[in-house]
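Contents: one structure, followed by commentary.
Rule-based calculations on the coordinates, nothing more; no lab input. The structure presented is a predicted model; accordingly, all values stated were derived computationally and were not measured. Positions of Cβ are generated from backbone atoms using ideal geometry, with glycine treated the same way; all protein chains shown enter the neighbour counts.
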Amino acid sequence: MRIAFVYIDPSYRVMGPFHVGIASLIAYLKRGGHECQFFHLMGDVAEEEYIDFLEKNRPDVVAFSVMTNAFPHVAPLALLTKRHSDALTICGGVHATLSPEEVIAVEGIDVVCRGEGEEPLFDLCQGLEEGQDISNIPNLWVKRGAGGGESEKGEEIHKNPLRPLIADLDALPFLDREVFPYKDSFDLQFMKRGAFMASRGCPYNCAYCCSPAIKQLYGGDMYIRFRSVASIVEEVEMVVRNFSQVEYNVFHDDLLPMKKEWFADFTGEYRRRIKLPFEMNCHPNLMDREIARMAKSAGCSLMRFGLESGNDHIRRKVLDRQVSTERIIEAFACCDEAGIQTLSYDMIGLPFETRTQILDTIKLNGRVRPKVMHVSIFYPYPGTKSYEICKREGFVTDKHIDTYYEDSVLQQKCVSAEQVRALRKRFEFFVRLYSWRYRLPGFLGKMAERIIDIGILAATSRLVLSALGGRAGQKGESDGAGTCYTLGEGEVRVWGEE
Ligand code: B12
Ligand code: SF4
């Protein structure tokens, strides 16, 4: 079978195109003898280019991968696919997993894949190749008549249950970096980094994140899985050998040091066999001096933490992140002590959040002083607890945004979208102001803090913003503040620089 993967990537300017999920699916299908192609759709649908791709490659299956922000782009592409090819269309990814009803309702989409796609997609391709009934493959929702077969019970949509998660991640082939244009990708061309994933799953239950929703879908069993240290280090070694441009590595795992023993083995092996620095994600609760020491000894140059909110109430009650402000400060301090640079992921415009609470996030960044801040505007992803709360409270508007840096889709009394944009635009500058305040002694520091509070609150009041005619934080405006930076040895690069 010829399978064409379409990666709908409206935010490519900010993030770049390496897609671990697609690279894993391609590797799995190729190993099973199928032929794969790849189409990276950046920005708006380039009709001519896409039709040309279909006509040249004549795929049997067109496979779309979508996150929520990309979903509105699926319908026109599915129709174009049907008009210009005979391919069966399948859509998978986080959005298809958590909102399958919405995705299967799209005209031109034949099949939806929920959850991990390697085995179901392979079964689908085998089934089509062998002319079998494809309506009863676990994980797939199949429209009546798709693939030439009829569902046994004759329903309009055959909704199959999920199969168990892949227990042994070592049984999967290494990510494909050939069909998938890794060589020409942003990761390699611009970032000069090797991208990897050693695990799947996360033990936490943050209200805004899709991971707990997917865990719940699977019933929570065996959700967290790790590859063996030997397997992941071998893949890193291979990539470093094959791609001479690689100057450092990034581990996209939700939380790499989830299992301390594994992490100890991994850092030991990485130090021994790979001589390049790397970046990784960690939860403040998981960080201690020992983890920081192990990470540093292996070459960790940047530790990325979800700081998310500097306000205890918002963090614990709204975001369901059970971590104290003191723990966050300690986690950053462990890295500072070990000589590892830090990155904070921050969100503003959260449900029920006031500007004073946003200032708490800015202040906490001013205290822990991460080298890099990644500031996004909260977006409620369907399937998450935060989405349900925002829906219930009537906060969700029908605004569409392609990336979550540009605008808020919420309408709340406590803070306006314009105020959120204005605070995001100057986030870094405000952090610097507070960071200066924390260097002043006791009373002087408190006085300075009060003055900065008053100044920022006045400058971002509705009155001042409307007097400025929205210039203080225009939608879609990018001044670099809060965009995602990443560090090579001794330098700072801005993601999305053109
Ligand atoms: C690494 C990562 C990134 C990396 C790389 C992203 C990438 N394209 O690979 C970077 C930093 C670039 C990134 C960017 C963004 N990310 Co991100 N990211 C992740 C993270 C942590 C891991 C993704 C991953 O590799 N998972 C492992 C692979 C194996 O899983 P997978 O991709 O889901 O694919 C499997 C299945 O979904 C399925 N599948 C996927 N596609 C298809 C297609 C077909 C046809 C089939 C059959 C199956 C199938 O099979 C795959 C293999 O099992 C996830 C959280 C998570 N743990 O998943 C968030 C996550 C995917 N990201 C998220 C978001 C919002 C973004 C951004 C939109 C943020 C922004 N800029 O506004 C951007 C979009 C970037 C883009 N261009 O697409 C959200 C998506 C939420 C949603 N409902 O859409 C997630 C879930 C985190 C969250 N908030 O909960 N991200
Ligand atoms: S710790 Fe990170 S990956 Fe885990 S549930 Fe929270 S936000 Fe999601």
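Key figures for this structure:
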{"quantity": "Separation of the L463 and D221 label points, Cα + 7 Å toward Cβ, nm", "calculated": "6.2"}
{"quantity": "Residues D346, D9, sorted so that the one with the fewest Cβ neighbours within 10 Å comes first", "calculated": "D9, D346"}
{"quantity": "Alpha-carbon Rg/Rh ratio, for the chain, with Rh computed the Kirkwood way", "calculated": "0.97"}
{"quantity": "Inter-label distance, nm, simple model (7 Å from Cα along the C-beta direction), W436/R316", "calculated": "3.4"}
{"quantity": "Net length gained if the chain between A75 and D288 were fully extended (0.36 nm per residue, minus Cα distance)", "calculated": "72.0 nm"}
{"quantity": "Local electrostatic count, Q411, Cβ distance below 12 Å [Lys/Arg +1, Asp/Glu -1]", "calculated": "-2"}
{"quantity": "Full-extension gain in nm, A333 to H84, via 0.36 nm per residue minus C-alpha separation", "calculated": "83.9 nm"}
{"quantity": "Length added when fully stretched, K30-K391, from 0.36 nm per residue minus Cα-Cα", "calculated": "125.8 nm"}
{"quantity": "Taking the chain and dividing mean pair separation by its residue count, relative contact order in percent (alpha carbons under 8 Å, at least six apart)", "calculated": "11"}
{"quantity": "Descending semi-axes in Å of segment 187-270, equivalent ellipsoid built from Cα gyration tensor", "calculated": "27, 16, 10"}
{"quantity": "Hydrodynamic radius by Kirkwood, which averages 1/r over all alpha carbon pairs of segment 2-149, in angstrom", "calculated": "15.1"}
{"quantity": "Between segment 197-228 and segment 298-345, the Cα center-to-center distance that results, in Å", "calculated": "20"}
{"quantity": "Residues D407, D398, D265 arranged by fewest to most Cβ contacts within 10 Å", "calculated": "D398, D265, D407"}
{"quantity": "Convex hull per residue volume in Å³, alpha carbons only, for segment 151-233", "calculated": "199"}
{"quantity": "For the chain, share of DSSP beta bridges that run antiparallel, in % to the nearest 5", "calculated": "25"}
{"quantity": "Separation of the V20 and E261 label points, Cα + 7 Å toward Cβ, nm", "calculated": "2.3"}
{"quantity": "Residue order, fewest to most beta carbons within 10 Å, for T460, T356, T384", "calculated": "T356, T384, T460"}
{"quantity": "Helix-only mean residue ellipticity at 222 nm for the chain, each DSSP H run of n ≥ 4 adding -39500 (n - 2.57), per residue, nearest 500", "calculated": "-11000 deg cm²/dmol"}
